[in-house]
Amino acid sequence: MQCIRARSLTKSYGGAGRPAVDGIDLSVGAGSVFGFLGPNGAGKSTTIKMLTTLIRPDSGDLSVFGIDALRFPLEVRRRIGVVLQQASYEPTLTVSGALEKYGMMWDVPAAERRRRAGRLLEEFDLSEIRGKRNDDLSMGQRRRVQVAREFMHDMDLLFLDEPTVGMDPAARRALLDSLRRRAKSGLTIFYTTHVLAEAEYICDEIAIIKGGRTVAAGSPESLKSRFGSGREVRIRVPSRDGRIPALLGGVDGCSVSVDAGTEIRVRPSGSNEALLRVLRVLGSHGIEIDNLSAAPANLEETFLRVVEEEPGAPGR
């Protein structure tokens, strides 16, 4: 089942510049974690505002769980939760008070509010600070409260924009694991982040946008397979050989560096033909190879390759 179907969405903010979002297409399956990635100015924020019905697109079609979001935005809002990148908290409320207030806003009965708040305090590791005011919390703690309070109401789709900002590594991993469990229970999560390791860890599908357009989409593994041909290859030789930098400096189609004289790092810019040329040069000069290994492509390298190579228009 499709949770989000967006077709040819566009949005301009006036002036002579190109659209902030320029005909974007998205398809998000229900019960999945969908990563939405792009460089600053790519159009992510504008797209999220359209998907959450905060602003209307200039053109295009948008449905959320089969609901025409342009005609029935209130129906969509009843089924979603949204945590935007901007900080949002009540300075004088305690952590428990913030959860209680949010439950009241969604008309959750008192007994159910207490039950949900108690569970969320445990799940998001907030029990020890439940009585502290939001104004006295660290940035990471406030962010955990901001995410936790969304779960005070029932929803089918949760938008998270940079949810781990300010969190330490342990808190970040705990949040990601919690979100994965929620997704397995049927919640759809639309996730944006600049921490590519997070996206690789949590996302089932990913779309990369640039200049308001989708330039790549697929699972993390499929994207790495498609765009990861430039991954680094390490060649270890038995002893230091001062000739190596000069011999390999003129090999086309790759960049070469030599560490400590015995490890050669080769990063092909395209096909593996460049690596074969490096190996032929070493062999023709009698330089033996002790070991050869390829560092696996990661999502960060894939992302950089996509945004550097794929064309795009200015976004926001």
Q) What is the gain in length, in nm to one decimal, between LEU276 and SER222 on full extension, counting 0.36 nm per residue of separation less the C-alpha to C-alpha distance? A) 17.0 nm
Q: Report the residue, chosen from VAL83, VAL237, VAL215, that carries the largest GNM mean-square fluctuation when the chain is represented by alpha-carbon nodes joined by springs under 10 Å.
A: VAL237
Q. For the chain, what's the relative contact order in percent, using C-alpha pairs closer than 8 Å and at least 6 residues apart?
A. 22
Q | Efficiency of FRET between ARG267 and LEU70 - r from beta-carbon atoms, R0 35 angstrom, step 0.05 | A | 0.15
Q.
Please give the Cα centre distance for segment 151-201 versus segment 67-118, rounded to the nearest Å.
A. 17
Q | Amide H within-cut-off set for GLY23, under 5 Å, with H built and near neighbours excluded | A | LEU9, THR10, LYS11
Q) Residue by residue through segment 99-107, which ³J(HN,Hα) values in whole Hz follow from phi under the Karplus form 6.51 cos²θ - 1.76 cosθ + 1.60 (θ = phi - 60°), with glycine and proline marked x? A) 5, 4, 4, 5, x, 5, 4, 9, 6
Q) Which entry is the computed P(r) over Cα pairs in 20 Å bins from 0, in percent for this structure: (1) 33, 62, 5; (2) 22, 40, 27, 10, 1; (3) 28, 46, 22, 4? A) (3)
Q.
At a 10 Å Cβ-Cβ cut-off, how would you order TYR89, TYR102, TYR13, fewest neighbours first?
A. TYR13, TYR89, TYR102
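Cα-Cα over 31 Å: which of LYS49/LYS224; LYS132/LYS210; LYS11/LYS184; LYS11/LYS101?
On the way: LYS49/LYS224 29 Å; LYS132/LYS210 41 Å; LYS11/LYS184 33 Å; LYS11/LYS101 34 Å.
Pairs exceeding 31 Å: LYS132/LYS210; LYS11/LYS184; LYS11/LYS101.
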Q.
Please report the antiparallel percentage of DSSP beta bridges with both residues in the chain, rounded to the nearest 5.
A. 70
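Every read-out reported here was derived from the displayed coordinates using simple, explicitly stated rules and does not represent laboratory data. The structure displayed is predicted, hence computed values, not measured ones. Ideal geometry is used to build each Cβ from the backbone, glycine not excepted, and the neighbour counts take in all protein chains shown.
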